[in-house]
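Undergrad: Here it is, the structure in full.
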Amino acid sequence: YQVEHAGKEAFLQLPIGIVIYNEDFEIEWTNPYMEQVLDENVITQSIDVYDKKLSEKVKSGESLLWVKVGEKQFHTRIATDHRTLYFIDYTEQRQLEKVLDDNQIVLANIYLDNYDEISRNMSDNYKSRLNSLVTETLNKWSDEYDFYLKRTSQERFIAVLTKQTLSLLEEARFHILDEIRELQLEEEQRNPLTISIGIGTGDASIPDLATLAQSSLDLALGRGG
């Protein structure tokens, strides 16, 4: 009796969604937890009400899949023999995984490709102005996207950012490349200044990221900057 009672209690009250469907993939029954997921009566509706391609995935023979319903993300087990779906809420875990992924450290090496060529015949005054202008432009870029940037030599900078910031830079197509190219110091500068960027990203140690960033920069320079 205790086992049966505990099983019934778990079946109806635990925060695990249970959906039973028929041969036409129409919902015949849901437990109370799953009734609360969608604010509507889903009985007789297709199981695709939870995911547009859920019935296709069931037909394909998949046994485990991710289903996003509203703001919730479920790790869903499919029991085809009993035409039953078990929805286990992994929303919090997935959110934590995303936070950890977004905050992964990314290292970047920034190199002024033709700095020597451009500054070689410049007066000290113009060379100083060029350095200040480049630093100011890159610092403004780092402030805009909220990451750390440090000039390590006349030609090199190092940046420390997160994977989430890297995604934003990618979406903006690294507009800093064009901004640097457009910098001009009157007639003293005959050719546009250009930069190359090597990035180290991924699930690796910081020394490995630094090595990857340098090899990425070497690859970019090997292809002409």
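Undergrad: If I ask for residues that are open to solvent by less than 40 Å² (accessible area, probe 1.4 Å) and under 22 Å from Ile158 (Cβ atoms), which ones from the range 114-131 would you list? Talk me through it step by step, then tell me what you get.
TA: Step one: filter the range 114-131 for residues open to solvent by less than 40 Å² (accessible area, probe 1.4 Å), giving 114-115, 118-119, 122, 126, 130-131.
Once the filter is applied, which keeps residues that are open to solvent by less than 40 Å² (accessible area, probe 1.4 Å) and under 22 Å from Ile158 (Cβ atoms), the range 114-131 yields Asn114, Tyr115, Ile118, Ser119, Leu130, Asn131.
Undergrad: Would the range 10-28 turn up any residue that is over 14 Å from Tyr86 (Cα atoms), of a type in the set (A, V, I, L, M, F, W, C) and in contact with a helix residue (DSSP H, G or I) (Cβ under 7 Å, 6 or more places away or on another chain)?
TA: yes
Undergrad: Turning to a different aspect of this structure: Would you check if there is a residue in the range 118-127 being among the β-branched types (Val, Ile, Thr) and touching a Pro at 6+ places or on another chain (Cβ under 9 Å)?
TA: Residues of the range 118-127 among the β-branched types (Val, Ile, Thr): 118.
Narrowing further to those that are touching a Pro at 6+ places or on another chain (Cβ under 9 Å): 118.
Yes, because at least one residue in the range 118-127 is among the β-branched types (Val, Ile, Thr) and touching a Pro at 6+ places or on another chain (Cβ under 9 Å).
Undergrad: Going by the structure shown, is Gln73 buried (at least 17 other Cβ atoms within 10 Å of the Cβ) and of a type in the set (S, T, N, Q)? Full working, then the answer.
TA: Details: buried (at least 17 other Cβ atoms within 10 Å of the Cβ): yes; of a type in the set (S, T, N, Q): yes.
Criteria met by Gln73.
Undergrad: Can you tell me which residue among Ile105, Ile88 is touching a residue at least 60 places away in the same chain (Cβ under 8 Å), hydrophobic (A, V, I, L, M, F, W, C) and either under 30 Å from Leu183 (Cβ atoms) or open to solvent by 80 Å² or more (accessible area, probe 1.4 Å) (or both)?
TA: None of the other options fit; the residue is Ile105.
Undergrad: Ok, one more. With the range 1-66 as the region, which helices (runs of 4 or more DSSP H) entirely inside it contain at least 3 residues that are surrounded by fewer than 12 Cβ atoms within 10 Å (Cβ to Cβ) and among the charged types (D, E, K, R)?
TA: Numbers: elements: 2-13, 32-35, 54-59.
Ranges flagged: 2-13.
Undergrad: Shifting gears a bit: Among the candidates Leu221, Leu161, Leu193, Leu177, which residue alone is over 18 Å from Arg129 (Cβ atoms) and in contact (Cβ under 8 Å) with a residue 60 or more places away in the chain?
TA: Values: Leu161 fails: in contact (Cβ under 8 Å) with a residue 60 or more places away in the chain; Leu193 fails: over 18 Å from Arg129 (Cβ atoms); Leu177 fails: in contact (Cβ under 8 Å) with a residue 60 or more places away in the chain.
Selected residue: Leu221, the only one of Leu221, Leu161, Leu193, Leu177 that is over 18 Å from Arg129 (Cβ atoms) and in contact (Cβ under 8 Å) with a residue 60 or more places away in the chain.
Undergrad: Going through Asp143, Asp81 one at a time, which residue ends up being farther than 29 Å from Leu212 by Cα, in a helix (DSSP H, G or I) and open to solvent by 60 Å² or more (accessible area, probe 1.4 Å)?
TA: The unique qualifying residue is Asp81.
Undergrad: Continuing with the same structure: Output the residues belonging to the range 146-156 that are hydroxyl-bearing (Ser, Thr, Tyr) and either part of a loop (DSSP other than H, G, I, E, B) or modelled with pLDDT under 95 (or both). Quick ask: steps written out before the conclusion?
TA: Of the residues in the range 146-156, the ones hydroxyl-bearing (Ser, Thr, Tyr) are 148, 152-153.
Matches in the range 146-156: Thr152, Ser153.
Undergrad: On the given criteria, is Lys98 at negative phi, open to solvent by 80 Å² or more (accessible area, probe 1.4 Å) and part of a strand (DSSP E or B)?
TA: Numbers: at negative phi: yes; open to solvent by 80 Å² or more (accessible area, probe 1.4 Å): yes; part of a strand (DSSP E or B): no.
When the stated conditions are applied, Lys98 does not pass them.
Undergrad: Report yes if Tyr21 is under 30 Å from Thr162 (Cβ atoms) and in contact with a strand residue (DSSP E or B) (Cβ under 8 Å, 6 or more places away or on another chain), otherwise no. Talk me through it step by step, then tell me what you get.
TA: Working: under 30 Å from Thr162 (Cβ atoms): no; in contact with a strand residue (DSSP E or B) (Cβ under 8 Å, 6 or more places away or on another chain): yes.
Taking the combined requirement at face value, the residue does not satisfy it.
The values are calculated or read from the model by the stated rules, or taken from the named source; none is laboratory data. Everything quoted here is computed from the prediction, not taken from an experiment. No Cβ is skipped: glycine too gets one built from the backbone with ideal geometry, and neighbour counts run over all protein chains shown. Ligands, DNA and RNA are excluded from the accessible area calculation, which covers all protein heavy atoms including side chains. Shrake-Rupley method; radii C 1.70, N 1.55, O 1.52, S 1.80 Å.
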